[in-house]
Every structure is written in structure tokens, then in C-alpha cells.
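In what follows, a single structure is set out as C-alpha cells and then discussed.
The values are calculated or read from the model by the stated rules, or taken from the named source; none is laboratory data. The structure presented is a predicted model; accordingly, all values stated were derived computationally and were not measured. Don't worry about glycine lacking a Cβ; one is built from the backbone with ideal geometry, like all the others, and counts go over all protein chains shown.
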Amino acid sequence: MSTSELRHIGLNLGATDAATHRQAGNDVFGFWVFLMSDAVIFALLFATYGVMLSATAGGPTPAAEYKIGPAFVETLLLLTSSFTFGMASVAMKQGTGRRQLLGWMAVTLMFGAAFLGMELHDFATMFGDGAYPTRSGFLSAFFALVPLHGLHVFFGGIWIIVMMLQVLVFGLDARVKINILRLGLFWHFLDIVWIAIFSVVYLQGLIR
Amino acid sequence: MSQAVWPAVLGRFDWQALPFVRAWDNPTASEIVGAAAASMVVIGALFTIAIVTRYGKWKYLWSEWLTSLDHKKIGIMYVVLAFVMLTRALIEGVLMRMQQADAINSPGFIAPDHFAQLFSTHGSIMIFFMAMPFLTGLINYVAPLQIGARDVAFPLLNSISLWLTGGAAGLMMASLVIGRFSTGGWSGYPPYTELAFSPDVGPDYWIWAVTLGSIGSTLTGLNFATTIYKMRAPGMHLMRMPLFVWTALCTSILMIFAMPPLTVATALLALDRYLGFHFFTNDLGGNMMNYANLFWLFGHPEVYILILPAFGIYSEVVSTFSSKELYGYTSLTIATMAIAVLSFTVWVHHFFTMGQDADINAVFGIATMTIAVPTGVKIYDWIWTMFRGQVRFTVPMLYSLAFMMTFVIGGCTGIMLAMPPLDFLVHNTLFLVAHFHNMLIPGLLYGMLAGYHYWFPKAFGFRLNERWGRIAFGSWVTGFYLAFMPLYVLGASGMARRTQEVFETAFRPWLYIAGLGALVLLFALAALFVQLWVSIRARDDNRVTAGDPWDGRGLEWSTSAPPPEYNFAIIPHVHDRDPFYNAKRTGDPYARPAHYEDIEMPKNSMTGPVIGIVGAVTAFGLVWHIWWLAAFGIAAIVGTVIARSFARDVHRIIPAAEVERTETGWLRAVSDATSIPREIETTSVNRGLAKVAA
């Protein structure tokens, strides 16, 4: 492929805005590095969860507490939100108009909010069963890992709102574009972490 | 009514939290020492405020320093912070040595609880608030200059890192005046630091100070990895980078990967203490071994975060003061990278005795010994660099030589400790204390001091006093040997570390020698301050404005001293290693460029100070259970970050005319200076222009 075709690949700004694309180099690289250190935090919490899985101290067990149905729907919601954010990035890259960009971001936000709502409902159900984080080491590890991801989604949502405001205030200046690129990385990163949570926490929990 | 109101407003604060009140109620020597320390903090703070007000310097301080995003000023502020904290933690070390020398079959003058606070703060401060700021400060100052960049990748983030570290250090100082510190050591092992055994504020101070500092360090690592990967001048290939930049890069990578485990460890401990989780408790499935693993997953790479930059400084110093190209550049970079990778494979050697399989201990013991190989390579490289060089025994060079000999001794005891059977015998004794001081004092402190002497003329435009530098050097080395060699003997004889009272009179002579050594170390620090004072007074006789007092090799010497805000008027093009050294010999590095251009630099920002100070206030609220304060602080931090993202006017332009004026002034200083040979570089003839044989 030619260089110009290569620059079209992926959710970067490529050939459509070469100046910002060059400027984005440092910023996006730095954000990748940040995500790496965030990934280390999640990796350690996964390890902690793995070690403490059997530490139920006679309390609720994974098999009894995890509801695979809602967890699956949450997975679909979050994966779809990643797709809609991808559409927002394409809209920004192709410059097809601010309304499309804002529209896709709003849809992403809604999916994120729906995910959080369902997750909070799950936690409330667990609390109703007496599965509090203070009950056992296993529940402590669960409630450190899964809600931390939820907290990331929450702050990702706030970030989406802030970026929508900035699109309205500043239009698509270089800084807005670069920040939306970084927000995109963050949002997709949360998807990857969730897939790990779904597999390691929920699916593994089904094994009785 | 007031019963309900005060706890809501002040959390769990009561008057007994103030050491002055405690000393008044119960005037023992131990309480009076505590109250005196608290008053030193209060008086020091008031004195600083008074001085700044007296000379009307608040505006200058705020706009030229505290809000500055200039990597050079941020670096200097880091080093100032390091010296302040070094002073406190060194005094604490001396107090502990005095107590042990005094408390042979007697209670001594420091109560057990107070003694435990002393060793906890001494360790925490020396690692997190002396060593980390010192190396971060030097990297900040030097690395961008060495790679030919005008700034770091994220200048604002740099300021935020500084202020998070500063806020955390402030929290350490607050613990001296309000309440008490942890008694759980610098590693804060649960279950002892859990609510069940330490319900007071001490461990909370430790948790939040360390957490703020570790977040600051993670961001520093991120910033410098990006800077070094992305912002090198044209032609500055990876294998042309000065060794100090290589070590800065490895340290940054280690910070990115090794600081998060610490954040996780402290955050989980906080969940246990604040919300009743069961990560590390004794009951309901808690498991403190998880803490040991998490903490040392950070703790061991941390050792190399501390030591690698010093290795980089020694490489620069030895090469410069031998007037020779660094021997074995490639092997030094490989060794540095190898150490960085291996540092993640040895963490279990910190707890060989805690019950895992003998096979696991064997694996980690062998991995530990492996690290000696790349380290040994480095020692030989430095020796070969000096071989047949024009070696000058300046202060930085003296520190380097003392390091090479002392560090090898510490390395040998490290190999001994790497054998699990031997480790079982001396675990938790003073042998270990002697070992890690034997690594970190030459491997970190001497390196930082060498760097401080080496780059000081670059940063401030005048040389430090040579005579007082030698006095300080002699005292640091003598003091180290007197204070720590006896600890090997004591440890091998079975004296446990962190002992407040000693019941074996045979230890007496060794403890006396160690106590004497501690006093010599205190004198060494005082000599450094005297040196600074003397040097500032005689600054006009020792100016090196032309910028190259040592016949330097890297790009940092190719600017004026101190360098202009924008570092380089024209971004340099690099063709080889030691670009400035070679340019002096093959061309004219002081040639005037055809024309100058406008330069864009970041504007000052108060975001850093706001986040750091509010972060410390939030942490203070959490320590004392003042929930409204903590909630307000968190909201303020989020609000500040969002508000800053709306700021658009964040750059300012330095016009070409101003650049030209600055550069012309410097070039005039260069042409006024007499070039001097190396023999008289430590005399006041040295104006920063090196005589080179073509």
C-alpha cells in the first residue's frame, strides 16, 4: 500500500488532517503509556482476585452470586458502545459534520449509562443477598476489581460529556481532536478490560 | 449538640493529637524530642513565610517558580525538596543511632512507640521524598538538555507530578505536628497496619503520603518515557544518547510498570482500613502474603529506579573527568536494560523466610545473583574509561570513585543475602540494614551528590566551592563506613533491626562507633549547606557563563549557564556520540546562526499547585476522617482538571528579537572568556570555556 493509503488506516486523523496528525504523535503515545500503567493496575487486581477466589470464608460463593444473563447483556451494551464510539471517530476523521460526531458520542454515552445502571443493579442484588465486600476476602477482591472498571466507565462518561461541550464551544480544533482520539483509546481499553472481567470473573464463576 | 458537631467538622482530631499538648502533659525526653521536631517544622514554615514576605518575593516566587512549567525550574524545585527532606530524615537516623547507643540495658531517651515512628518516617522519607525527588529533579533538569529538546512532552503534567510529590511531602511534615506517624516501617506490612492493631491515624498518613507520591512518580515516568522516545533532536539515535538519558529512560519505564503495584497495595490497605474489606486482615479470608507480593513487586524495581540514574551520572562524570570516551558504551546500555528487566524477577528475595517452597526461593535467589553480572560489567566499564585517561580528582569524580569501591562491598553482601539459607540466618537483623544502606548511600546518594556538583554550574552559572565540597565528601565517606560497617558485625551477631532497647553489652563498642558515624554524616550534610552558602557568597568569582566548565561532552554543555528558557535557539543536529565534545574539536560550536526564529513555549499554569495542594488537603481529610474536606477536595480536583481542559491560551511566543538578544549576550560572554586547560578548571580562571587541542 502507498503511504497515503496507510495514513487512511485506523482511527487516526491520517490524511484528512495531517497537521494535527503529526501533533497528535506525542500526545497519543503518552496516552498509550498511561493505559499501560492502568493495565498493570487491573492485571494486579485480577491476580488478587484469582488468589482470593477460594477465600469465601463460609459466605456467598461465586456460583451463587453471579448472574450470567445480566452480565452478558452488559457485555453487549459495552461492546456496542465501543462500536458507536468508533463511528464517532470515523465522523471526526472524515469531517462529515459536527452533528454526526455529537450524535454518535451521545449514543455511546447512553450505552455507557445503561451499562452502569445494570451493573449497579447487579451489585444491589448481591448486597440484597448479603454479599457485601466486608463479608469475605473473595467478595473484597470482587468489589475492588469490577467496580473499579465501573468507575472508569463513569469517568469515561464524564469525559464524553466534557468533549461534547468542547466540540460545541471550540468546534474541532486540534486539541479537541487529539483529546477525542485519546478518549477513544480509553473507551476501547475499558472494553478490553471488561472482556477480561466477563471471562475471568463471570464465566469462571459459572464453573461449579 | 457539640457532641455531634465537632466530630463532623474535625473528624477524629483531639488536642492530644498535638505533640505540644502531649509534651506538656507528660514531659518525658521522648515527648520533648517530638515536640521539638514539631516546633522545627512550624518555625521553619513561619521563618520561610516571614523571609519571603520581608523581601516582597511572593509574586516572584509564584510567577517565576511555583507555577512555572519550565523543566529546569521544576527540576531545581525537586532537588530543593529532596534536600529539605534529607535533612529531616538524616536527623531521624542520627536520633535512632543515639538511642541505640544509649539504650544498652537502659530504656534510653526515646520511647518504643516514638522509636517505631522514627524508623518508619526515616525509611519512607528517604525513599519517597529524598531519593525519588532528587533523581527526578536531576532527570528533569538534564535529560531534555541532553537530547536537544526545548521541553518535556507534557510540561503541565510535569508540574502536577512535582506538586503531588510536594503535597505528599507536606503531609509527612504535617504528621510531625498533628497526630502521629505509622509505626509499621517504610513497607507498612499488614496485618500490623490494619485497623485491628493500628487504629490510630499513623498508617493513614503513611498510606496517603505514599499514594500521592507514587501517582506523581507514575506520571513522571510516563512523561519522560514519552519525552525520550519522541522528542530527541534530529540525529540523536537511541545508540547516540548519553548514558544518563539511557538510565533515565529505563528508570521511567520502571516507574510506569512498578509504581502501580504500590498504588494497588496502598489502595487495598486503605479499603481494608476505611471500608472494612478483607484483603490483608487475619480473618474472613484476608491474606497478608498478597500484600508482601504486591509491595515488593514495586519495592524491588524501585531499588533500580533509585540506582540506575546514579549509574548514568557516574558514566557522565567518569567520562568527562577522564577526558575519554565512555568505555563500552554498548555494553553499558545493554547492562542498563538487563538490570531493568531483571529487576522484575527477584521480588521474592525480600521475603525468603515467609513460607514459600524452597524451590521458589532457589529460583529467586539465582535470579538475584544474576543481577550482579550486568552490574559488574558496569564497574569494569567505568574502570576502563579511566584507564590512561586524563583523570582529575574533582568532587564529582571523588564521589564516583568512593561509589565504585563501596558499592562493590555492598554487592558482595547482596550476593550473600541472595542465598536463601544464609538469608534465613540474618533476615531481620542489622546485617540487612547495613546491606541496603551500603547499596543506597553510594548507589544513590553519592550519585545524586556527584550530579549536583557536576551540573550545578550549568544550572546556576557558577561553580560550587571545591574545598567545602571535599570536606563534605570526606565526611560522607568516613561517616558511612563508621556508621554502617559496625552494623554488619552486629547483624551477624544476631542483633535485630528496629530494636529500641539492647540487652547485650557486647554490642556496646559497635553501637558507639555507629553512633559516631551518624554524627559524622550529620556533619557531612552541614558541610554541604556551608558549601552552598560559601559558594553563593563567592559566586561572582566563580562564574562560568560561557557554559562549559568541565570540557563537557553532551549537548547540555553547549548552552549558556544557566541555559535560556528555550534551551536551544536552534535545535541541534547530532552526528555522533559526545556531540558537543567532538564539535569543539572539529568545528565551531559557538558559531552564530544566520538568523533566529520565534519560539513557542508553554505559559505558566496554577493547575499544578492547585492539584498538589488540594490533593494533600484531601489526603489530610481522609487521614482524620474529616469527610466534608475529603469530598470537597476530590470535587475540586475533578473540577480543576475539567476547567483546565477548556483553557486554550496556553502558549506564549518568545520573539526572534528577544532570542537574538539573549544569544548575543551569551556569545559575547564566550568571546570574552579565556579558554582554559583542564589543570586549572577548579580555579576562578574558569569562565566556562574549555581549551581544546584540535
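Can you name the condition, by its number, that A:L172 falls short on among (1) part of a helix (DSSP H, G or I); (2) more than 29 Å from B:G286 (Cβ to Cβ); (3) not β-branched (V, I, T)?
(1)
For B:M288, all conditions in the list (1) aliphatic (A, V, I, L, M); (2) within 14 Å of chain A (Cβ to nearest Cβ); (3) surrounded by 22 or more Cβ atoms within 10 Å (Cβ to Cβ) hold save one; what is the number of the exception?
(3)
How many of the residues making up region B:345-363 are hydrophobic (A, V, I, L, M, F, W, C) and surrounded by fewer than 22 Cβ atoms within 10 Å (Cβ to Cβ)?
Looking only at that region, the number is 6.
Among the numbered criteria (1) away from chain B (no Cβ under 11 Å); (2) touching a Pro at 6+ places or on another chain (Cβ under 8 Å); (3) of a type in the set (S, T, N, Q), which single criterion is violated by A:T61?
Every listed condition holds for A:T61 apart from (2).
Is one or more of the residues making up region B:358-376 in a helix (DSSP H, G or I), within 22 Å of the chain's Cα centre (by Cα) and more than 14 Å from chain A (Cβ to nearest Cβ)?
There is at least one residue in region B:358-376 that is in a helix (DSSP H, G or I), within 22 Å of the chain's Cα centre (by Cα) and more than 14 Å from chain A (Cβ to nearest Cβ).
Considering only helices (runs of 4 or more DSSP H) fully contained in region B:1-104, which possess at least 1 residues that are surrounded by 16 or more Cβ atoms within 10 Å (Cβ to Cβ) and of a type in the set (K, R)?
Per the criteria, B:19-25, B:71-102.
Go through B:Q531, B:Q500 for me and flag whichever is at negative phi, in a loop (DSSP other than H, G, I, E, B) and either surrounded by fewer than 17 Cβ atoms within 10 Å (Cβ to Cβ) or not hydroxyl-bearing (S, T, Y) (or both).
B:Q500
Considering only region B:623-641, I want to know if a residue exists there that is surrounded by 18 or more Cβ atoms within 10 Å (Cβ to Cβ), touching a residue at least 12 places away in the same chain (Cβ under 8 Å), more than 14 Å from chain A (Cβ to nearest Cβ) and touching a strand residue (DSSP E or B) at 6+ places or on another chain (Cβ under 6 Å).
No: region B:623-641 contains no residue that is surrounded by 18 or more Cβ atoms within 10 Å (Cβ to Cβ), touching a residue at least 12 places away in the same chain (Cβ under 8 Å), more than 14 Å from chain A (Cβ to nearest Cβ) and touching a strand residue (DSSP E or B) at 6+ places or on another chain (Cβ under 6 Å).
Being more than 14 Å from B:N140 (Cα to Cα), touching a Gly at 6+ places or on another chain (Cβ under 6 Å) and away from chain A (no Cβ under 12 Å) is the filter here; which residues of region B:241-260 pass it?
Result: B:P242, B:L243.
Matching residues to (1) in contact with a Gly (Cβ under 7 Å, 6 or more places away or on another chain); (2) buried (at least 24 other Cβ atoms within 10 Å of the Cβ); (3) within 14 Å of chain A (Cβ to nearest Cβ); (4) over 23 Å from B:M126 (Cα atoms):
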position	(1), (2), (3), (4)
B:T165	yes, yes, no, no
B:A169	no, yes, no, no
B:A196	no, no, yes, yes
B:S217	no, yes, yes, no
B:T226	yes, yes, yes, yes
B:M239	no, no, no, yes
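Mind listing whichever residues of region B:655-676 are surrounded by 14 or more Cβ atoms within 10 Å (Cβ to Cβ) and either in a helix (DSSP H, G or I) or not aliphatic (A, V, I, L, M) (or both)?
Result: B:A656, B:E658, B:V659, B:E660, B:T662, B:E663, B:W666, B:L667, B:A669, B:V670, B:S675.
Checking the structure you have, find out if any residue of region A:14-26 is free of Cβ contacts under 8 Å to residues at least 24 places away in the same chain and among the basic types (K, R).
Yes, region A:14-26 contains at least one residue that is free of Cβ contacts under 8 Å to residues at least 24 places away in the same chain and among the basic types (K, R).
Could you say whether any residue in region A:152-163 is surrounded by 20 or more Cβ atoms within 10 Å (Cβ to Cβ), closer than 20 Å to A:H21 by Cβ and either within 12 Å of the chain's Cα centre (by Cα) or within 13 Å of another protein chain (Cβ to nearest Cβ) (or both)?
Scanning region A:152-163 turns up at least one residue that is surrounded by 20 or more Cβ atoms within 10 Å (Cβ to Cβ), closer than 20 Å to A:H21 by Cβ and either within 12 Å of the chain's Cα centre (by Cα) or within 13 Å of another protein chain (Cβ to nearest Cβ) (or both).
If A:V40 satisfies every condition in (1) more than 16 Å from the chain's Cα centre (by Cα); (2) facing another protein chain (nearest Cβ under 7 Å); (3) not hydroxyl-bearing (S, T, Y) but one, which is the exception?
Exception for A:V40: condition (1).
Only residues that are of a type in the set (S, T, N, Q), assigned to a helix (DSSP H, G or I) and either assigned by TED's automatic domain parsing to the domain that holds B:H625 or out of contact with any Pro (no Cβ under 9 Å at 6 or more places or on another chain) (or both): list them for region B:245-304, please.
B:S252, B:T263, B:T266, B:N290
If you take the residues of region A:130-142 that are aromatic (F, W, Y) and buried (at least 21 other Cβ atoms within 10 Å of the Cβ), which of them is nearest to the other protein chains (Cβ to nearest Cβ)?
A:F138
Conditions tested, residue by residue: (1) closer than 29 Å to B:T218 by Cβ; (2) free of Cβ contacts under 8 Å to residues at least 24 places away in the same chain.
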site	(1), (2)
B:Y314	yes, no
B:T330	no, no
B:F344	yes, no
B:A358	no, no
B:T375	yes, no
B:L401	no, yes
B:M404	no, no
